[in-house]
Structure formats: C-alpha cells, structure tokens
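Values quoted throughout were computed directly from the atomic coordinates according to the rules given, and no laboratory measurement underlies them. Everything numeric here is computed off the predicted structure, so don't read it as measured data. Virtual Cβ from ideal backbone geometry, glycine too; neighbours counted across all protein chains shown.
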Amino acid sequence: MSEFPLYSAGEFRRRALHQNGGPVDLSWRDHGDHLLNPQTILEVEGQKLRDAAVLVPVVDDGDDANVIFTLRTSTLRKHSGQISFPGGAIDPDDVSPEMAAMREAGEEIGLADIFIEPVGRLPDYLASTGFRITPILAVVKPGFELALNPTEVEDAFEVPLSFLMNPGNHTTDSMVWRGIQRNFYRMPYGQRMIWGITAGIVRTLYERLYR
C-alpha cells in the first residue's frame, strides 16, 4: 500500500515513474480517443507527423493535487479558444520532449523550470491535425508565479486531479470534421469544457495510472 494519499502529487509521481511512453511505445492504440476512432487513427499513423510535446503539470497541493490547464486565445490559427496543456512543436534545439514541453510552458505561461520535475511520459497521441504529441508528466512544486503570454494564452486555471481521474466525469461526443465523424471525450468543469486532444490525454492518464 502506498504511503501517499491517492490523488496527491506524491502518489501521482509514484505511478508516473512507471510510464515511459514515446515513439517506441505503440500502446497508444489501446487508449483514449484512439479506441474511439480506430480507423481514423490508423490513417493518421501512415502520415508524416510533426513531433510535439505537452506538459501535464500536477501541482503539489497536498492530499488533492491540481492540474494546470490553459485557455488558448481566440486569435491562434490552430485550436483557438480551446483548453489545452502547455506545449507545442519540438524545435531542433530541444534535446528531448521534456525540454520542449518545459520550454513551451515557460514561453506560454511563465512556469519556471526550477519548479518542474518531469516524472514520466504517456504513450504518444496521434492528432489528425498532423502532430505526434508526447505528453510529459510532471510534478510542479508550489511557490511558482505564472506570467501569461497574451498572444497564445488567454487564461490559466487548475482542476483537481481527483475530478479528472473520476471516470464519471468523462463523457463522449462526436462531430463531423473534414467529412468524417470523429468521436472524442468531454469533461465539463464548472464553466469550462475540456475536450478534444486535451481530454483524450486526460483519459489516457486515467487509463494508465488510475483505472
């Protein structure tokens, strides 16, 4: 039995340390949105995808940790106005997905590296928008201050890990995009709606660490 409360950052770290996803981990097919859209995802797998990384930042807030999300500005070309994790394309100078995710977190919300402890990776998320996304699991030490980049991020907020890891808060929906019906997860939280790629990553986090 773990010495940590179930939804604490300590327990999250303990479980995340066993996650070593990335390009060599093909178990992405068995999780989240990929199970909802098997044919579409197989088509995406055959395309040339650009590598990207996102940070899944779990704040060490005692027995019930919180997860940081961002609301993207409405002026962005892709995923404008949507809720997301800090992240973006991996640049040539980034030596790892972890470095890319941390760099993007600094650029987007001003989260300093000294507060971030990467602890694992989920399997890649293959997005029909043309990206292979590596989710980097991280524990964030308290005491940080955020400074939002207004050209990319309209708001940043936290959601309890216990809420996100409760499957009763996971619903599914569908829409037609580029002439094809796509199925996806939705996770309403107050006035916020977590959906699409971000909700798919959250669902995978639940399936890998807490189910």
#### Entry: Gyration tensor verdict on region 110-163 (Cα atoms; rounded if a/c is under 1.5, prolate if a/b is larger than b/c, oblate otherwise)
oblate
### Query
If you take every DSSP beta bridge whose two residues both sit in the chain, what share of them, in percent to the nearest 5, is antiparallel?
75
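Between T151 and V95, 0.36 nm times their residue separation minus their Cα-Cα distance comes to what?
Between T151 and V95, full extension yields 17.6 nm more.
Any idea what the dipole of region 123-165 comes to, in debye rounded to 20, about its Cα centre with Lys/Arg Cβ at +1 and Asp/Glu Cβ at -1? Please report the intermediate quantities before stating the final value.
Details: 2 positive and 6 negative charges, 49 e Å.
Magnitude of the dipole: close to 240 debye.
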### Label point distance in nm, Q181-Q47, each placed 7 Å from Cα along Cα→Cβ
2.1
### Two-site label geometry, Q39 and S27: point separation in nm, points 7 Å out along Cα→Cβ
2.9
### Backbone HN-Hα couplings from phi across region 138-147 [Karplus 6.51/-1.76/1.60, Hz, Gly and Pro as x]
8, 9, 10, 6, x, x, 6, 10, 9, 9
### Message
Order 104-112, 154-162 from most to least packed using the mean count of other Cβ atoms within 10 Å.
### Response
104-112, 154-162
### Task
Quick one: dipole size for region 69-211, taken about the Cα centre, charges +1 on Lys/Arg Cβ and -1 on Asp/Glu Cβ, in debye to the nearest 20.
780
### Message
Of the candidates H18, H31, H170, which one comes out as most mobile in a Gaussian network treatment of the chain with C-alpha springs shorter than 10 Å?
### Response
H18
### Message
For a quick check, take a GNM of the chain with Cα springs below 10 Å and name the residue from L55, L122, L35 with the largest mean-square fluctuation.
### Response
L35
### Query
Roughly how many Å is it from the Cα centre of region 176-206 to that of region 91-115, as a whole number?
24
### Query
With the dipole of region 9-210 worked out from charges on the C-beta (+1 for Lys and Arg, -1 for Asp and Glu) around the Cα centre, which of S174, G120, A9 lies farthest toward the positive end?
S174
